[in-house]
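Please read the structure below before turning to the comments.
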Amino acid sequence: MGAGQAAASLVAKLRALGFDGQLTVIGEEPSTPYQRPPLSKKYLLGELTADRLALRPDTFYRENRIDLLLGTTVTALDTTARTLVAGKRTLHFDLLALTTGARPRELPVAIRGSLDGVHTIRTRADVDGLAPEFAHGRDLLVVGGGYIGLEAAAVAAARGLRVNVVESAPRILARVASAETAAYFRELHCSFGVLLHEGVAVRQLCGDSRVCSAVLSSGVELAVDFVIAGVGALPCTELAETAGIRCDNGIAVDARGRTSAERVWAAGDCTSFPWRGSRIRLECVQNAIEQAECVAADMVGQTASYDPTPWFWSDQYDRKLQIAGINTGYDQVITRRTSARSQSFWYLRAGALCAVDAIDEPRSYLIGRQLLQARVSPDPTLLCDTTFDLKNLLTHRVPAPAR
């Protein structure tokens, strides 16, 4: 249930593993499963057409006997009777996977976040609705200095809009990246004329029915033609909660993707799962694919625990940021600068490598990811030595301390 990346990966894997039963994918959107990451990048820029977003051609679903029930909302779920209500139909199931994804946080109604001209980016329809707004010389306010907000700001600046980004935290990328990575992207955005307001919140959006200005907590008032809110996402757990399925910052699953309800699994952005002594929720393509494939394997009796090495990416202007690992709890960042443009930032926690940010440095990213998968750490002194050949990090390494 849900028709995004996780659903597409799960049903494809089930067929690949020999599952021969009836398969039905139910989704609220009218489109077949499509890629979401390009929405705030190439699709928003107009460099990628809608047909190229599709994860699989329509023929794949027909040839693999996968029924698509699209444009349909599931309004009720009974895990005891194993039934659900989809649109006007009541469907029975033997096995159920919840792949309901996440939805963007919206700006509060109290600051008039419901005015016309205030947008979020999550679906293709969201971006299609935004397209007419991106006219040269207009004023865009981006609320939120995370990856979605900065990607949208980059697209707008590249198309000749005047862009202000407001981030209530002390700096951009505060929740997801180091001060070093943030400094790199701050300088990049400023070089394209984007104005960054850090440690500042939006006090009020103004306008009769449509937004026309914004008052910030600093007292500054900005002219605004439209607003993009990039303030995070919430897991879609309402149906699971109503059905009595345990939730904990997402639909709580075990290492095999099993929920608290019998014969019900969950995968993708909607889930939280155990990972190396904690419980996390990941919003990324890698998790949607790999967790969904783990669930498919468990559904057909090929039990295996899900223990990912997370990876992410962000495209801003002509720069590509690739991230491996999760930097939670880091206490040291080592910078390797091969040029003003190409840099990598290596996060250590008590001497153990926990993540890598690589900007236009695919080699650093790939080697860092291999080290993280092997759970070993490079000698920090070698990381500091820019004359050291990175490929040798795979042999000159120290065991990672226990986490």
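The values are calculated or read from the model by the stated rules, or taken from the named source; none is laboratory data. What you are looking at is a predicted structure, and each value in this text was computed from that prediction instead of being measured. No Cβ is skipped: glycine too gets one built from the backbone with ideal geometry, and neighbour counts run over all protein chains shown.
Residues are listed down the side, and each one gets a yes or a no for (1) closer than 30 Å to Val25 by Cα; (2) of a type in the set (Ser, Thr, Tyr); (3) touching a helix residue (DSSP H, G or I) at 6+ places or on another chain (Cβ under 8 Å):
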{"position": "Thr99", "(1), (2), (3)": "yes, yes, yes"}
{"position": "His119", "(1), (2), (3)": "yes, no, yes"}
{"position": "His136", "(1), (2), (3)": "no, no, no"}
{"position": "Asp139", "(1), (2), (3)": "no, no, no"}
{"position": "Gly144", "(1), (2), (3)": "no, no, no"}
{"position": "Ala179", "(1), (2), (3)": "no, no, no"}
{"position": "Ala182", "(1), (2), (3)": "no, no, no"}
Check on Thr99, in the same structural domain as Val11 (by TED's automatic domain parsing), modelled with pLDDT of 95 or more and surrounded by 21 or more Cβ atoms within 10 Å (Cβ to Cβ): yes
How about segment 31-67: which of its residues are of a type outside the set (A, V, I, L, M), part of a helix (DSSP H, G or I) and over 30 Å from Phe19 (Cα atoms)? Pro38, Ser40, Lys42, Tyr43
Those residues that are not hydrophobic (A, V, I, L, M, F, W, C) and not in a loop (DSSP other than H, G, I, E, B), I need them from segment 184-230; list them, please. Tyr184, Arg186, Glu187, His189, Ser191, His197, Glu198, Arg203, Gln204, Arg210, Ser213, Glu221
Taking segment 130-156, which residues are touching a residue at least 40 places away in the same chain (Cβ under 8 Å), hydrophobic (A, V, I, L, M, F, W, C) and outside any helix (DSSP H, G or I)? Phe134, Leu140, Leu141, Val142, Val143
Hits in segment 287-337 - residues which are on the phi > 0 side of the Ramachandran plot, at pLDDT below 95 and either crowded, with 21+ Cβ neighbours inside 10 Å or charged (D, E, K, R) (or both): none
Name the strands (runs of 3 or more DSSP E) wholly inside segment 237-337 in which the number of residues that are within 21 Å of the chain's Cα centre (by Cα), outside the structural domain of Leu44 (by TED's automatic domain parsing) and free of Cβ contacts under 8 Å to residues at least 24 places away in the same chain is 2 or more. none
